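K.L.:
Questions regarding the structure given below will be posed in turn.
None of the figures in this text is laboratory data; all of them are computed from the coordinates on show. Since we're looking at a predicted model, the values are computed, not measured. Every residue, glycine among them, receives a Cβ derived from its backbone with ideal geometry; neighbour counts consider all protein chains shown.
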Amino acid sequence: MDEKAYWVALNKVSGIGAVRLAALLTACGSAEAAWRASIQELRAVGIDRRTLENLLQARRELNVEAEWERVLKAGIQVLTINDEEYPVNLRQIDAPPPLLYVRGTIQPNDSWAIGIVGTRRASTYGREVAHSLSRDLAASGITVVSGLALGVDTVAHKSTLANDGRTIAVLGSGVDQIYPPDNRGLAQAIMENGAVVSEYPLGTRPDAGNFPPRNRIISGLSRGVVIVEAGSRSGALITANFAAEQGRDVFAVPGSILHPGSSGCNALIQQGAIPLLNVQDILNHLGFEQARSQQEARAAIPADPQEAALLAHMNQEPSHLDELVRQSALPAPQVASLLTVMELKGLVRQVGALSYVRN
């Protein structure tokens with residue numbers, strides 16, 4: 001049976017989150033070994049009594065093979081944190097979700113993503129801003145991440161799809177339990193040009209306690225997060241807090257000081273969030289324009305085996321041109337030419353006179 005079946009089984013045990021699962025995998029060597037571990041082994045890892053009881057009960061009641069068949073039959077992809085396809089941005093946060101359930105596809109270019117969130121009770125202003133930002137991000141090849149909620153989230157997803165962009169919806173329920181029900185059609189459209197994802201097992205119903213943790217995934221998948229419209233107690237502010245903790249940039253759309261729906265955004269700006277006036281602010285601040293130029297250069301200029309050979313001699317410490325000539329045994333003019341092309345592609349960066357580092 002696929003090893004991922006045991007990841008899915010462990011994910012269904014209440015009390016086994018990212019930290020405990022990592023400890024189990026380290027101690028036992030695999031998810032299957034962790035699932036079958038003795039009580040003594042589990043206690044040695046530091047599993048508390050309640051979690052231990054939950055695990056033992058799951059062993060008695062859960063048919064691992066049947067649960068895995070259920071996942072496969074539903075056409076759901078399971079990504080563990082050990083998989084190369086696991087989203088690179090999400091892998092970088094503290095305690096990333098050990099596994100993701102995915103309906104649709106996550107692509108490498110989805111690492112160029114921006115989260116857009118806001119109130120469910122969006123004003124006309126909030127809806128128009130969410131629409132225009134998502135439209136312009138889609139036109140720039142940036143993936144839009146949101147939470148499928150009514151209001152700002154819905155507008156962001158719809159506008160992205162309407163402009164042939166990619167979008168990812170993060171749920172606070174299992175991916176087989178679309179919430180809110182009104183957005184089931186939208187979720188299906190997202191699966192065709194993006195993905196619906198969740199860390200929660202199949203069958204997990206939407207629960208108020210699930211949504212704050214899922215917000216860390218919205219910000220974790222993104223390079224930066226935009227709060228379009230939010231009152232002082234909006235859940236979107238939780239996403240902003242997670243983004244700040246994860247080292248992501250937080251952008252807030254200014255609003256009227258007389259409108260309670262903008263009080264959260266205005267407070268974020270007061271606290272240091274970046275005021276957002278148009279999508280160019282995002283592109284400039286996060287270097288997306290430069291990144292797009294580098295992607296185009298990589299696509300237009302074929303890869304050269306000598307580039308890879310030169311990269312093998314480079315790291316984050318500056319390397320002088322003369323040193324690279326000596327190490328690579330290539331002529332100096334050829335090394336200089338290679339470095340110029342590699343800088344255009346974003347593979348290396350010049351940090352001083354004839355000195356380069358690997359990006």
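K.L.:
Quick one: if you stick a label point 7 Å off each Cα along the C-beta vector at A303 and S38, how many nm between them?
P.N.:
Modelled inter-label distance: 4.8 nm.
K.L.:
With viscosity set to 0.890 mPa s and temperature to 25 °C, compute the Stokes-Einstein D of segment 103-287, Rh being the Kirkwood radius across alpha carbon pairs; µm²/s, no decimals.
P.N.:
155
K.L.:
Please sort by residue number the GluC sites (Glu not before Pro) in segment 1-64 whose DSSP state is loop and whose Cβ has at most 14 other Cβ atoms within 10 Å.
P.N.:
E3
K.L.:
So how much slack lies between R60 and A267, counting 0.36 nm per residue of separation and subtracting their Cα-Cα distance, in nm?
P.N.:
That works out to 69.4 nm of additional length.
K.L.:
Where in segment 69-178 are there GluC sites (Glu not before Pro) that are in a DSSP coil and have at most 16 other Cβ atoms within 10 angstrom of their Cβ?
P.N.:
The qualifying sites are E84, E85.
K.L.:
Only sites in a loop by DSSP and with at most 14 other Cβ atoms within 10 Å count here; which trypsin sites (Lys or Arg not before Pro) in segment 12-68 make the cut?
P.N.:
Of the trypsin sites (Lys or Arg not before Pro), the ones in loops of segment 12-68 whose Cβ has at most 14 other Cβ atoms within 10 Å are R36.
K.L.:
By how many nm would the segment from E343 to A95 lengthen if fully extended, with 0.36 nm per residue of separation less the alpha-carbon distance?
P.N.:
The span from E343 to A95 would gain 85.9 nm if fully extended.
K.L.:
Magnitude of the Cβ-charge dipole of the chain, K/R +1 and D/E -1, about the Cα centre, nearest 20 debye?
P.N.:
Numbers: 32 positive and 36 negative charges, 182 e Å.
The calculation lands at about 880 debye.
K.L.:
Moving on. Want the number for A353 to R205: 0.36 nm per residue separation, take away the alpha-carbon distance, what's left?
P.N.:
47.4 nm
K.L.:
Any idea what % of Cα-Cα pairs in the chain are farther than 28 Å?
P.N.:
Of all Cα-Cα distances in the chain, 52 percent exceed 28 Å.
K.L.:
Could I ask something else about it? Which residue, L286, L148, L310, tops the fluctuation ranking in a GNM of the chain built on C-alpha contacts under 10 Å?
P.N.:
L310
K.L.:
Springs between alpha-carbon atoms under 10 Å, Gaussian network over the chain: tell me which of P98, P254, P318 tops the mean-square fluctuations.
P.N.:
Sorting by GNM fluctuation, first place goes to P318.
K.L.:
Sticking with this structure for a sec: Output the antiparallel fraction of DSSP beta bridges having both residues in the chain, as a percent to the nearest 5.
P.N.:
For the chain, the DSSP antiparallel bridge percentage is about 40.
K.L.:
Mean residue ellipticity at 222 nm from the helices of the chain, using -39,500 (n - 2.57) per DSSP H segment of n ≥ 4 over the full residue count, to the nearest 500 deg cm²/dmol? Present the calculation step by step, with values, prior to reporting the outcome.
P.N.:
On the way: 18 runs with 171 residues, N = 359.
My calculation for the chain gives -13500 deg cm²/dmol from helical runs alone.
K.L.:
Rounded to a whole number of µm²/s, how large is the Stokes-Einstein D of segment 1-68 at 4 °C and 1.567 mPa s, given Rh as the Kirkwood radius over C-alpha pairs?
P.N.:
111
K.L.:
List the residues of segment 126-145 whose backbone N lies under 13 Å from a point placed 7 Å from the Cα of L277 along the Cα-to-Cβ direction.
P.N.:
none
K.L.:
Sticking with this structure for a sec: In angstroms, what radius of gyration and Dmax does segment 318-359 have, counting Cα atoms only?
P.N.:
9.3, 23
K.L.:
Still on this model: Under 10 Å, Cα contacts only: if you run a Gaussian network model on the chain, which one of H131, H320, H285 comes out with the highest mean-square fluctuation?
P.N.:
Looking only at H131, H320, H285, the largest GNM fluctuation is found for H320.
K.L.:
Still on this structure, please answer the following. Would you mind pulling out the separation of the Cα centroids of segment 228-286 and segment 142-162, in Å?
P.N.:
17
K.L.:
Just to be sure I understand the model, the point goes 7 Å from the Cα along the line to the Cβ. What's the resulting E128 to N109 distance in nm?
P.N.:
3.1
K.L.:
Quick one, could you list the DSSP H helices from the chain stretching 30 Å or more along their long axis (Cα atoms) with average Kyte-Doolittle hydropathy of 1.6 or above? Provide the component values of the computation, followed by the final result.
P.N.:
Numbers: long enough: none.
Correct list, ordered by number: empty.
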